[in-house]
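Values in this text are rule-based calculations from the coordinates and carry no lab data. Just so it is clear, the structure is predicted and the values come from calculations on it, not from any experiment. Heads up, the Cβs are rebuilt from the backbone with ideal geometry, glycines too, and the neighbour counts pull from every protein chain shown.
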Amino acid sequence: MISNYPTVWQERYAQARYVEVDPTVKHCSQSALPIVWSERVFAETPELWDEAQAAGLCVGWAQSNLDAYGTGGMLTLARQKEQLSDEELLSKELRMRWLVTVAHLALSRVLLPRFKLTPDTPLTRRETEILKWAADGKTSSDVSEILAIAESTVRFHTKNAISKLGARNRTAAVARAALLGLLR
């Protein structure tokens, strides 16, 4: 997490493990729609809401981003005063989405190299072959028939490829492998 919130708040947020219950984080992990802080949003986490306000974080707007690697992120802009009006939200929504995308891209350029495959974790020939078929829209059942192997074997190699690529699922693994040039 990269933040320019007050240090005291960052420490408290980490110590209380608020990321695990923060409704804005939950929302942004499940939706591409922005979320504006409100008492209603934080209804199930009143302690988090009260402490954030005490730290001067009273008004906020969070927006998620998902890139082609399947890597998600979010950006939150916060201020102490002056609630966000509907007019302000509408007039600044496109700029907010642009800012989230640009910030995510910039951070990805810095952080992504740490997560690329290393020589210690190359995909096997079979893992690559299975991901190529998946990229062509084939199901695990289809791939098992094409390669004349058990479907459980296809799932085994798919699971290993997902793990090696640091992806969340098969689709993200295919996208990441393609972007890394591994499916040629």
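Annotations for the structure displayed:
- To the nearest ten degrees, helix 86-111 and the longest principal axis of the Cα atoms of the chain are 50 degrees apart.
- Each Lys and Arg Cβ is given +1 and each Asp and Glu Cβ -1; about its Cα centre, the range 16-99 then shows a dipole of about 280 debye.
- Efficiency of FRET from Cβ geometry, Ser3 and Gln30, R₀ 25 Å, rounded to 0.05: 0.75
- In the chain, taking the dipole from charged Cβ atoms about the Cα centre, the farthest positive-side position among Leu90, Thr158, Tyr13 is held by Thr158.
- Angle in degrees between helix 151-165 and the longest Cα principal axis of the chain, rounded to the nearest 10: 50
- The label point for Arg184 and the one for Leu111, both projected 7 Å from the Cα toward the Cβ, are 2.9 nm apart.
- Applying the criteria of a DSSP loop state and at most 12 other Cβ atoms within 10 Å to the GluC sites (Glu not before Pro) of the range 1-55 yields Glu39, Glu44.
- Cβ-Cβ FRET estimate between Leu94 and Ser38, R0 fixed at 22 Å, reported to 0.05: 0.50
- Point-charge dipole on Cβ atoms (K/R +1, D/E -1) for the chain, about Cα centre, debye to 20: 940
- Over the C-alpha atoms of the chain, the Rg to Rh ratio, Rh being the Kirkwood estimate, stands at 1.09.
- Label zone at Asp136, where the point sits 7 Å out along the Cα-to-Cβ direction: the range 160-175 residues whose backbone N lies under 18 Å: 171, 174-175
- What the Cβ-Cβ distance of Glu151 and Val19 gives, at R0 = 25 Å and to the nearest 0.05, is a FRET efficiency of 0.10.
- Neighbour-limited loop hits for trypsin sites (Lys or Arg not before Pro), the range 1-100 (at most 13 other Cβ within 10 Å; DSSP other than H, G, I, E, B): Arg17, Arg40, Lys81
- The lysine pair tally for the chain, using Cα distances under 24 Å and a gap of 8 or more places or different chains, is 9.
- Rounded tilt (10° steps) of 125-135 against the dominant C-alpha axis of the chain: 60
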